[in-house]
1. Given Cα pairs under 8 Å that are at least 6 residues apart, what percent is the relative contact order of region B:186-243?
2. Taking the square root of 5 times each eigenvalue of the Cα gyration tensor, what semi-axes in Å does the equivalent ellipsoid of chain B have, largest first?
3. Compute the relative contact order of region A:1-147 as a whole-number percentage, counting only Cα pairs closer than 8 Å that sit 6 or more residues apart in sequence.
4. Could you list which residues have their amide H under 5 Å from that of B:THR53, counting only those 5 or more apart in sequence or on another chain, with H placed in the peptide plane?
5. Pull out a ≥ b ≥ c, the square roots of the eigenvalues of the alpha-carbon gyration tensor of region A:1-147, then state rounded if a/c is under 1.5, prolate if not and a/b is larger than b/c, and oblate in the remaining case.
6. Can you pull the semi-axes for the protein assembly as shown, root of five times each eigenvalue of the Cα gyration tensor, sorted largest first, whole Å?
7. Count, for each residue of B:137-144, the Cβ atoms from other chains sitting within 10 Å of its Cβ, then give me the mean as a whole number.
8. Using a 10 Å cut-off on Cβ to Cβ distances, tally the other chain neighbours for every residue of A:107-114 and report the average as a whole number.
Number of protein chains: 2
Amino acid sequence: SAGSGPTLGRNCSSLSLNLHSTSWLVDCAEGTQIQLQRASNVTPGRISKVFITHLHVDHCFGILPFMNTAMSSASNPGKPSRLDNVVRLEFYGPSGLRQMIRTNLKLTQMSLLGKYAAHELLFDNEPTFTNEETELHSNEVPGQDIRIGPDGLWHNIEDSEGFTIDAGPIVHRVTSLGYVFNEKPTFHIGLAYLRMLDDLNPLILPRGVSRARALLSTLADNENPQPVTLQDGSIIYPPPRELAGRKLVILGDTSDPSAMIPISQDADVLVHESTNAWIPASLSKNQSTLMTPEEVQAKAISRGHATPGMAGQFAATIRAKALYLNHFGVK
Amino acid sequence: SAGSGPTLGRNCSSLSLNLHSTSWLVDCAEGTQIQLQRASNVTPGRISKVFITHLHVDHCFGILPFMNTAMSSASNPGKPSRLDNVVRLEFYGPSGLRQMIRTNLKLTQMSLLGKYAAHELLFDNEPTFTNEETELHSNEVPGQDIRIGPDGLWHNIEDSEGFTIDAGPIVHRVTSLGYVFNEKPTFHIGLAYLRMLDDLNPLILPRGVSRARALLSTLADNENPQPVTLQDGSIIYPPPRELAGRKLVILGDTSDPSAMIPISQDADVLVHESTNAWIPASLSKNQSTLMTPEEVQAKAISRGHATPGMAGQFAATIRAKALYLNHFGVK
């Protein structure tokens, strides 16, 4: 239904945002396509965008196998298809992503149906990776080179499916990104409003409109809601209440995401890594490696990672309404 | 024990050969490192060689995640280690393998401990991929460029762990290889021979030898068995019986492996793909897509694949003693 919106299903360093008519992934680790087979609420062919936080192998090495499934040409190899020129997948990520996808597609000689684009979020000094026609993969269309803004953030890198997306750099051993998914305000169409529509005399509806509820596409258009004038001159106005859009902040691996603060305020959901956690002596299997909470935090930071406490602190700083921890270390 | 030798444990397009002191993999699909966690008889750190049949993503895209585990520096990041200059992993495969590993290691900025080498089996006309010092990854040592012989085969590409290894080109949509693992003849040391040793007077053993069975390292050396002269002038000869070495033939995806015939004769084990199989109408879920056995075979061949019947035919041609089918299609 219209009010359901995105949900989060946890993967091994791959999250899926299930939207009305499509799904987006954040990160795509090895095994993602296998996880997708298990998931009941998302299928590879339905996914249209993949946002990569950083290029460590445990966050991006499922991309090629996933493309092999999501853009499969198996059912119709080599034959013309209406999908040949359709951009089926768009990737967003740090410098290196475009080269990684293109090089591996060429080396694995993967046979794909349709097109993809690899957009890179670049710092001021980072070189672009070529989009020359002769260098593109045969299934590739040129991706955007999205330069960081003067405030050190990438604003509005994408606007679709009722979301605008911002991104920011966060501290890790390698370039790592956080993404902010800003849902646009949506209409909450109450029962009283629907009854009002249902009670309209069908004879005064605009020509060509047989059911009053069909007017909702104009009255409650998310981008540009408009009043509707009926045949008797009376005017129906858009529904009175808007539902504020939700804000999802999803961070890559990080020991310090503070650069994200300006675009993360009042997040409805914060997804933050929590690689290292202090384990009390009574629960620890290995008494010889016991560390104090301070030592655990110092170790996490030295590897570019965080503890649950650090995640909680950032959640408090941005006044997040909910905090999801992921990326638990194996030790 | 000395007679146990290699066993085969099936993975998703990754087979492991478990030798006395190490393991080898043939192919390394996505998910291999996860499969290795489940396997009780092989651990990532114990694997020393990986043989890649072809660069399709379902056969090679587990390499990087596997390296991340097998050459992990996690326990000692950035610190000097006795493993720093040890070649921990050697890869063998077609042209493109070296570039794939090196490019992805650089892009993912993986932190590894020790060295690896990527050897390429090249046809006459194939260019080598650079081994220039300045182009190598920091964990890489130059790999060999192994040119195909005048008979269209790669002979003796490796000689270790009691095996010599040959390879040959097989027909697929992309360059695909088959590997032959030839076990060298090994001594079968019978109970009578051991008793003879045990009955020797310890006083006449060569100086420095306290137990007669220690002479076995000379008497039954696989490469160069030698008689031993005792202090009383008597001579002990190597054990009388040799056990013929076994031959394993492991093929990549193929519709026609006949180029392998000269090096595959009398294989003890043949591993052959079987992507497409004819399913009788009574067992078929989808009655609308029923095909004749001939149509199934034609479809398999058109995609560079084989049926169980084709595999059986090749097994008969080389007089294989056992045939293992793998790579079953998902349809």
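The values are calculated or read from the model by the stated rules, or taken from the named source; none is laboratory data. Everything numeric here is computed off the predicted structure, so don't read it as measured data. Note that each Cβ is placed from the backbone with ideal geometry, even for glycine, and that neighbours are counted across all protein chains shown. Ligands, DNA and RNA are excluded from the accessible area calculation, which covers all protein heavy atoms including side chains. Shrake-Rupley method; radii C 1.70, N 1.55, O 1.52, S 1.80 Å.
1. Working: 66 pairs, mean separation 22.0, N = 58.
This gives 38 percent for region B:186-243.
2. Working: eigenvalues 315, 162, 70 Å².
They are 40, 28, 19 Å, listed from largest to smallest.
3. Values: 268 pairs, mean separation 25.8, N = 147.
It comes to 18 percent, rounded to a whole number.
4. Sorted by chain and number, the residues that satisfy this are B:ASP27.
5. Working: a/c = 1.59, a/b = 1.16, b/c = 1.36.
Oblate, since a/c reaches 1.5 and b/c is not below a/b.
6. Numbers: eigenvalues 664, 213, 98 Å².
One finds semi-axes of 58, 33, 22 Å for the protein assembly as shown.
7. That average works out to 0.
8. Details: counts 13, 11, 8, 5, 4, 0, 0, 0.
Taking all residues of A:107-114 together, the mean is 5.
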